[in-house]
Amino acid sequence: MPIWGVSAEPRRCRYLGLAGSVMLALGGLGAGAVPLGTPHAPTGPGIFLAWCGMVLLIAAWLLLGRAVRGAEPPEPRWLLRTLLCWAAPLVLGPPLFSRDVYSYLAQGALVGAGLNAYTTGPAALGGPFDAQVPGLWQHTPAPYGPLFLLLADLVARVAGHALSAGVLLLRLVALGGLALLAVVLPRLARACGVPPAAALWLGLLNPLVLFHLVAGAHNDALLLALLVSGLLLRRRPLWAAVLVTLAALIKLPAALGLVAVVVLWGERLKGRAGLSRAALATGAVALATTAVVTALSGIGYGWVHALAVPVSAGSWSLTSLLGRACGWLLSSLYHSTEVGLVGLAVLAWRWLGLAAAVASVLLLLRRVRRRQVGVVYAVGLALVAVVALGPAIRPWYALWGGVLIAAAAPADGRVRRWAPLVSGLLALLVAPDGFTPGPQEVLLAVAGGVLGAVVVLAGVRIPLPRLTEKPMGRM
């Protein structure tokens, strides 16, 4: 199908996306989150090339979506091979869009050194891992659950003091999560009545996955794999509760998946008290799983108190922006220069956002009980609401609910129509090095993006050789 006169032939989209991925990986050598002190290419050309690759990859993904929604969509296996093509250059390149992977290593090394990562920041560690953590996070504790810190400790021990080995191992952990997700996501989609190809395109080939879970090696990949696996085991609710709890022991918002477990378990228990019994059983399994993992980690429950870390470091979110705007407005109206007024406004808006998020979850739960919406889809929407209305947000947080939406959203619904556009825009919000760009970097980024658009328009007109592989086929 053409879009704005541009062909959406699947093979052409694959090649365009591969070209974008290679450009992004090469540009990342000069503009990515490379280790400090490492010689690399000049920053200017790296920024230009990286942004060109970003735009090219996002455009190729959006064009491929037209084919997925067509009469003869690509087969799931063809889409997975396309994912491998797009991800391979990013796996071999440096970390991109965030330096969190270095924080993971430093926090794992803290655990290995016998220090409490929930009260101590990387600055207390010293060594090669600490040196790569941005100053903003040097004195902040780890906001992750004990399961991930166990893995980070293991990786730090195996890597020793080799920074590149540690980054590679953490990237392999993320890739392992994505490999499991590639297996369970199509199955969950079938259970929800969604074509697997549509779920794979929106949930796995998404630029947010490629940029932040593959190139950035974020632990959200493992979280999503455990969450989706748990929701897939609807006929084995006990194991479903264990897997969803393990996902929450990486990042707490995944615990919303336990609501789905309760509902699905309650449907299997007959009688009016079935839902109550399911809630008690799910809670007991979640508490037992948490206790076992926490005991194995040996680092206690301090992660509960450290959950505010992403908020305390001047994070940006919708409620924070509204709070700052109201604070500045009040300061100008009352001719006040007190910084505390802005802080109070931000705090008030954050509490309003949390209240709205809780109300959204309760409303969705009510619609699930009335069978107006599927439970997996409702959890996806709830996670999106928590991210959008919460006090801290990063672009890759959208994947918490986005992957479930990919698996369960109705094909003719507005959410599935808008999700690709939102994903593409979010993928452009973070610079390849993870920092706020200056004026010169913005100009280079715009120039690179324009070149990427030109490459897309030119690339769709290049004739392709005939191959025996047939990406099109009915599912």
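Computed values, structure above
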read-out	value
Set V101, V68, V55: member being touching a Phe, Trp or Tyr at 6+ places or on another chain (Cβ under 6 Å) and of a type in the set (V, I, T)	V68
Options V415, V403, V358: the member that is closer than 20 Å to L258 by Cβ, surrounded by fewer than 22 Cβ atoms within 10 Å (Cβ to Cβ) and within 22 Å of the chain's Cα centre (by Cα)	V358
The listed residue being free of Cβ contacts under 8 Å to residues at least 60 places away in the same chain and crowded, with 24+ Cβ neighbours inside 10 Å, out of G127, G145, G160, G108	G108
Any chance W61 is surrounded by fewer than 24 Cβ atoms within 10 Å (Cβ to Cβ) and among the aromatic types (F, W, Y)	no
Of the criteria (1) at pLDDT 90 or above; (2) in a helix (DSSP H, G or I); (3) of a type outside the set (S, T, Y); (4) buried (at least 19 other Cβ atoms within 10 Å of the Cβ), which one I250 fails	(2)
A117 being more than 25 Å from G17 (Cβ to Cβ) and in contact (Cβ under 8 Å) with a residue 60 or more places away in the chain	yes
Exclusive hit being in contact with a helix residue (DSSP H, G or I) (Cβ under 6 Å, 6 or more places away or on another chain) and modelled with pLDDT under 95, set G413, G374	G374
Residue count for segment 390-407, restricted to those that are β-branched (V, I, T) and within 15 Å of L318 (Cβ to Cβ)	1
Candidates V34, V22 - the one that is assigned to a helix (DSSP H, G or I) and of a type in the set (A, V, I, L, M, F, W, C)	V22
Hey, R366 under 22 Å from the mean Cα position of the chain (by Cα), part of a helix (DSSP H, G or I) and basic (K, R) or not	no
Some residue of segment 206-214 being under 21 Å from R416 (Cα atoms), polar (S, T, N, Q), touching a helix residue (DSSP H, G or I) at 6+ places or on another chain (Cβ under 8 Å) and modelled with pLDDT of 95 or more	yes
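The values are calculated or read from the model by the stated rules, or taken from the named source; none is laboratory data. Note that the structure is predicted; figures quoted are calculated from it, not measured. For neighbour counting, all protein chains shown are included, and Cβ atoms are generated from backbone atoms with ideal geometry for every residue, glycine included.
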